[in-house]
Amino acid sequence: MSTQATTGTTTEQDGVQSRLPDLTRLFPELAKLSGAVRNAVRNGPVPQTTISLMLLRAAQIVGSTYHAVSSTDNLRKAGETEQRITAVATWQDAPCFNDAERVALELVEAVLTPNPFGERVSDELFARASVLYDDEAIWTLTMAIGHFCLFVPVALIGKPIPGRPIGKNYSR
């Protein structure tokens, strides 16, 4: 029989385990690198809500429950509405996003979705992003996507436990 325990906004089932141990024990320098990139993104000119919306969309695209739960938790803690969190999956026709958020969502989709007909990030998309974001902001969005992509294999192969804080999200 399985019991469930509720922690914060997530529910964990007893017996959920990661496949691998915490990689920062094996590669401590990775934690420093990740922290530096995360701080650069946090200190950049793009609102953290926009970054979190973009990362939630990225998690949905790559199929990472760990990242989807984390991004959703971050958005809720920031006071984001359930309507906007839910609408990320269908952002193209959702009326609740501003132009800058839409471009950020479109950028992450372009980067993470194959395009058999040309470049993933077209000149037209970049031009629209450039109207709404300066060079530093575009780099901030780019670093956020890159940081996320660094940890996609970690989430999909190592399977850290969703809903647990960093450092306590591995069972081995």
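The values are calculated or read from the model by the stated rules, or taken from the named source; none is laboratory data. Computed from a predicted structure; not experimentally measured. Every residue, glycine as well, gets a Cβ built from its backbone with ideal geometry; the counts of neighbours run over all protein chains shown. Side chains are part of the model used for accessible areas, which takes the heavy atoms of the whole protein and leaves out ligands, DNA and RNA. Shrake-Rupley method; radii C 1.70, N 1.55, O 1.52, S 1.80 Å.
For first residues located in the stretch 146-172 and assigned to a helix (DSSP H, G or I), partners that are surrounded by fewer than 13 Cβ atoms within 10 Å (Cβ to Cβ) and lie 6+ apart or on another chain with Cβ distances below 6 Å form the pairs 158/19. Of the residues making up the stretch 62-74, just one is hydrophobic (A, V, I, L, M, F, W, C) and open to solvent by less than 30 Å² (accessible area, probe 1.4 Å), namely 68.
From the list 103, 88, pick out the single residue that is in a helix (DSSP H, G or I), under 11 Å from residue 57 (Cβ atoms) and out of contact with any Pro (no Cβ under 6 Å at 6 or more places or on another chain). Break it down into steps so the answer makes sense when it comes.
Values: 103 fails: under 11 Å from residue 57 (Cβ atoms).
88 is the lone residue from the list that is in a helix (DSSP H, G or I), under 11 Å from residue 57 (Cβ atoms) and out of contact with any Pro (no Cβ under 6 Å at 6 or more places or on another chain).
Taking each residue of the stretch 30-46 that is assigned to a helix (DSSP H, G or I) and looking for partners that are hydroxyl-bearing (Ser, Thr, Tyr) and surrounded by 12 or more Cβ atoms within 10 Å (Cβ to Cβ) with beta-carbon atoms closer than 7 Å, six or more apart or interchain, yields 30/24; 31/24; 41/140.
Can you find a residue in the stretch 75-82 that is at pLDDT 95 or above, open to solvent by less than 60 Å² (accessible area, probe 1.4 Å) and within 19 Å of residue 38 (Cα to Cα)? Checked the stretch 75-82: at least one residue is at pLDDT 95 or above, open to solvent by less than 60 Å² (accessible area, probe 1.4 Å) and within 19 Å of residue 38 (Cα to Cα). Cβ separations smaller than 7 Å between residues 6+ apart or across chains give the following pairs from the stretch 56-83 residues that are over 22 Å from residue 149 (Cβ atoms) to residues that are open to solvent by 60 Å² or more (accessible area, probe 1.4 Å) and outside any helix (DSSP H, G or I): 76/9.
Checked across the stretch 12-23, the condition of being at pLDDT 95 or above and open to solvent by 70 Å² or more (accessible area, probe 1.4 Å) holds for no residue.
Could you please let me know if residue 87 is free of Cβ contacts under 8 Å to residues at least 12 places away in the same chain, surrounded by fewer than 22 Cβ atoms within 10 Å (Cβ to Cβ) and among the aliphatic types (A, V, I, L, M)?
Working: free of Cβ contacts under 8 Å to residues at least 12 places away in the same chain: yes; surrounded by fewer than 22 Cβ atoms within 10 Å (Cβ to Cβ): yes; among the aliphatic types (A, V, I, L, M): yes.
Answer is yes for this residue.
Filtering the stretch 116-131 to residues that are within 21 Å of the chain's Cα centre (by Cα) and open to solvent by 20 Å² or more (accessible area, probe 1.4 Å) leaves 120, 121, 126.
Within the stretch 144-169, the set of residues being within 22 Å of residue 52 (Cβ to Cβ), of a type in the set (A, V, I, L, M) and open to solvent by 70 Å² or more (accessible area, probe 1.4 Å) comprises 150, 156, 166. Taking the condition open to solvent by 40 Å² or more (accessible area, probe 1.4 Å) and within 19 Å of residue 72 (Cα to Cα), does residue 172 pass? Taking the combined requirement at face value, the residue does not satisfy it. Here the condition is being touching a His at 6+ places or on another chain (Cβ under 6 Å), surrounded by 11 or more Cβ atoms within 10 Å (Cβ to Cβ) and small (Gly, Ala, Ser); of 104, 59, it holds for 59 alone.
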